[in-house]
Structure formats: C-alpha cells, structure tokens
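Engineer: This structure is in structure tokens; I'll ask about it shortly.
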Amino acid sequence: MSEKLQALRGMPDILPHETGRWQFVERKITDILNNYGYQEIRMPVLEKTELFARSIGEQTDIVTKEMYSFEDRNGDSLTLRPEGTASCVRAGLEHGLFHNQTQKLWYMGPMFRHERPQKGRQRQFHQIGVEAFGFDGPDIDAELIMLSARLWRELGVKDICLQLNSLGTAQARARYREILIDYFSQHQKQLDEDSQRRLQTNPLRILDSKNPDMQELISAAPMMRDHLDKESTVHFEQLKNILDETGISYEINPRLVRGLDYYGQTVFEWVTDQLGAQGTVCAGGRYNGLIEHFGGKPVPACGFALGMERLIALIETNGFDIEAQPPHAYFILSTEDKVTAAGMKLAENLRDQLPQLRLMTHCGGGSFKNQFKRADKSGALFALIMGSDEVINQTVGFKSLRGKSEQESVSWDNIGEILAKNIQ
C-alpha cells in the first residue's frame, strides 16, 4: 500500500478559507510601505550556500543546524533562503543598486529553516522584509520603527512592546566579545551545552539564552553599554530622542542581541507575551558592514523582518476583525443548458464594463434549484438569472439573495448601471 500523500512536517498548507486573512494583512502592509516610499524587490528562494554562510555567520545556529542545503547536478551547493537580507544585498550589488544612490526596498515570501515545528514557528515560514540602504543617520532607524508601529495601529495590535539596544561598531563589538569570553570562561561549568559551544564562536548569543538556570550568571555579565564606542553612543541617543519626540514607547534591553552576525549599532525587536514562547513578531537593526563584507563599497544599511504567521496569530488574539476577501456580489446562473453560452457572454461583457465587479458564473450544470443553493452558499448578494425568455427579450432576472424584495427584469443595456450602484 502506497504511503498517504501529505505535506512535509513544518510546511503547512494555507487553505482557501485562510488566504483571505493573509491577503488582507498583506494589503495593509504593502499600502503602508508604498506610502513611505519603499519599493518591492523579488529575489529567488534558492541561493548559493556561501551567501548565507558569509553573511549570517558560519558558526551561527542557522548555518550550522537549520539551513536546507543540497548539491545540485552541477556540483554547486545551494540553499533555500533562511532569511531575506543577504539575498537583497546580493541583488543590490549584482545590479548596481547601491552605487551613489539610496534605496528603500521591501520583499515578501517564504523562508526555510529546519527547526522543531511549534506554534508560531514552522520550517517554511513567511516574512515581509524592509531594507534601507545609503542612510547613515539615526533618522532611518527611527523611520523603520515608526513604520512598524504604524502597522500595529492599522492592524489593531495592542499587546506589543518595542525593545532597543545598541551593539556598537565592529571594533567595539570585537573588544566586548573578548570581555565576554573572559567572563564566561571563568564560569564555564555553569554554561549549558549550547553556551559552551558558543563561547569561542559567538559569545554574544549566550546573552540571549532562555535557560532559567543561567539567568543569574547572564545578569551579572558585563554590559555592552559600558563598552560602547562614542559614535554608537551618539547614534543611539539621537535615535531615542526621535522616538521620544514622536511618542513611541520603548524599553532598553541591554541583553538584546540578534542571531545574525551582520548586525551592529541599533538592534530592535517588537515582542509580545500573547503568543507563548515565540514572542518576537518583528526584529531588525543596522548592518552597515555587510555590503563591504561582500566586496562592495561601504554602504550604511538598516532593516527589519516580520513573521506573517506570528503577526496573523497576534492580530486574531487581539480580537481584531480581519476582513477576508469579500464574497462575490453577484452570481449568474442559467435555467437551462442551451442559454449557458449567452449567460457567460453577458458575464464577460459586465466584467469589461466594471473591472471591480465580483461576479461568479455557475459552471458544472445541475438543476436550477441546486444552482440557487450554490449561489446562496457562495455568499453572493444577488443572483442574475438567464433563461430562454431572457435571451429572446435581452433581459436578465435580478434577485436579491439576502433580502425579501421581488425578482425584477432588467434589460442587458441597463444591468451594468444597476450593478455599479451595488458594487461594495
């Protein structure tokens, strides 16, 4: 007996009754991005493995444990993208988007990480990423935060908190890294297995450990803010001043680090306690050195990514009514097979006249009674009825499916005008 076909673990389907919610949220987000002047870029889901190893960091959990990598027929190592920033930078370098110009870009699509599936965390997940290149002041950091704050307001998200930190320049971070290695090495027996592995490769990630047995040790660790360079201190203070002026509340989280090596200076996360363990909904910050790391000229850069699955779950937890795709306002049906062609022709003519018209044509035959049941089940507001007499007289029956008004006969010349008044 053959194995039952089903989706891969952690790669769920999004079914028709769910996609309306996704489309609504995506429209809200893209409208706001367009209002702020960000342009869409679309990158492939497959890239050379080297791209992510070099950008994210060869010793990070994502690269060592979570990436979907394989060798193709040419012997090249390829990877399904685990995040979007590296691909966006690669595309910008390849096509000269960063040469003597600024860019505000956004992208949307699936990402892939092999981790244990749980609520809010899947192996195929969806992100919207927003990236700004060529802006070195704290104003762009603030704009990205303000943009994301506007998203929460538009989508009815209330129980969400902004956390901020600064990781300093690469030089300051390198000095702090040595200080952390020295501190945690003195307490190595208290470190769990993951932290011992990270001690020499990525000690900042130890600060992000959720192991309750290590929290006292982490709390006593040296603070990055005490070792921050002057440039980053000024940048961070200016960012906070802008947020204060614009009324955006935040918390300083001195233990906030990002799991990707390319971040420096500003880092931020929008977190909630409404989704259990997976509390980060949106995260980002500065990555000024990444373009230079890939061989380009130094270009300041800042961005964030938000997880669609977590955002939709949070919106619904907050009780916001996500508007699904509205039902078809009209359903055209035929009383007999021989008038089907005339009904379909009328439907096409109406779609030509009214591009915003939501009109479903009955297909698949069946009795007139069953057609009415299907029209009602579709959620349509009105039925357009076509029979032999209607074809001869060039009229159509117009009947409300949600009210008690009587069916009326309308000429083909006038039906478009009547439908236009009822488009919602």
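Each value in this text was obtained by applying a stated rule to the coordinates, not by laboratory testing. Computed from a predicted model, the values in this text were never measured in an experiment. Cβ sites come from the backbone with ideal geometry, for glycine too, and all protein chains shown count toward neighbours.
Engineer: Return, ordered by residue number, the residues of the stretch 59-84 whose backbone nitrogen is under 18 Å from a label point located 7 Å along Cα→Cβ of residue 197.
Structural biologist: 59-69
Engineer: Now a separate question. Under 19 Å from a point 7 Å along the Cα-to-Cβ line of residue 40: which residues of the stretch 76-92 have their amide N that close?
Structural biologist: 84-85, 87-89, 91-92
Engineer: Quick one: 3J(HN,Hα) in Hz for the stretch 305-317, Karplus 6.51/-1.76/1.60 with θ = phi - 60°, rounded, Gly and Pro as x.
Structural biologist: Using θ = phi - 60°, the values come out as 9, 10, x, 5, 4, 5, 5, 5, 4, 5, 4, 5, 5 Hz.
Engineer: Enter the per residue convex hull volume of the chain, computed from alpha-carbon coordinates, in Å³ rounded to the nearest integer.
Structural biologist: 221
Engineer: So between residue 161 and residue 321, what do we pick up on full extension, going 0.36 nm a residue minus the alpha carbon distance?
Structural biologist: 55.5 nm
Engineer: Which residue fluctuates most in the GNM of the chain (Cα springs below 10 Å): 313, 329, 170?
Structural biologist: Result for the chain, Cα springs under 10 Å: 329 fluctuates most.
Engineer: I'd like the orientation of helix 230-245 relative to the chain: the angle between its Cα long axis and the longest Cα principal axis, in ° from 0 to 90, rounded to 10.
Structural biologist: That helix lies at roughly 40 degrees to the long axis.
Engineer: For the chain, set up a GNM with springs between Cα atoms under 10 Å and report which of 56, 206, 14 has the largest fluctuation.
Structural biologist: Largest GNM mean-square fluctuation: 14.
Engineer: Only Cα pairs within less than 10 Å get springs; with that Gaussian network setup on the chain, which residue of 306, 162, 78 has the largest fluctuation?
Structural biologist: Among 306, 162, 78, the largest GNM mean-square fluctuation belongs to 78.
Engineer: In debye, nearest 20: dipole of the chain around its Cα centre with unit charges on the Cβ of K, R (+) and D, E (-)?
Structural biologist: With only Lys, Arg, Asp and Glu charged at Cβ, the dipole is about 700 debye.
Engineer: State, to one decimal in nm, how far the label point of residue 297 lies from the label point of residue 187, with both points 7 Å from Cα in the Cβ direction.
Structural biologist: Computed distance between label sites residue 297 and residue 187 equals 4.6 nm.
Engineer: For the residues 30, 361, what sequence is obtained by ranking on other C-beta atoms within 10 Å, fewest first?
Structural biologist: Fewest-to-most Cβ neighbours within 10 Å comes out as 30, 361.
Engineer: Give the shape of the stretch 330-422 as rounded, prolate or oblate, defined through the alpha-carbon gyration tensor: a ≥ b ≥ c are the square roots of its eigenvalues, a/c under 1.5 means rounded, and otherwise the shape is prolate if a/b is larger than b/c and oblate if not.
Structural biologist: Rounded, because the longest to shortest axis ratio a/c is under 1.5.
Engineer: How high is the relative contact order of the chain, given as a whole-number percent (alpha carbon pairs under 8 Å, six or more residues apart)?
Structural biologist: 16
Engineer: Sticking with the crude label model, points 7 Å out along Cα→Cβ, report the distance from residue 219 to residue 64 in nm, one decimal please.
Structural biologist: Once both label points are built, they end up 2.8 nm from each other.
Engineer: Determine the distance separating the Cα centre of the stretch 370-424 from the Cα centre of the stretch 1-29; give it in Å without decimals.
Structural biologist: 34
Engineer: Same structure again: Just want the answer: with Cβ charges of +1 for Lys and Arg and -1 for Asp and Glu, which residue in 416, 350, 332 is farthest toward the dipole's positive end in the stretch 330-422?
Structural biologist: Farthest towards the positive end: 332.
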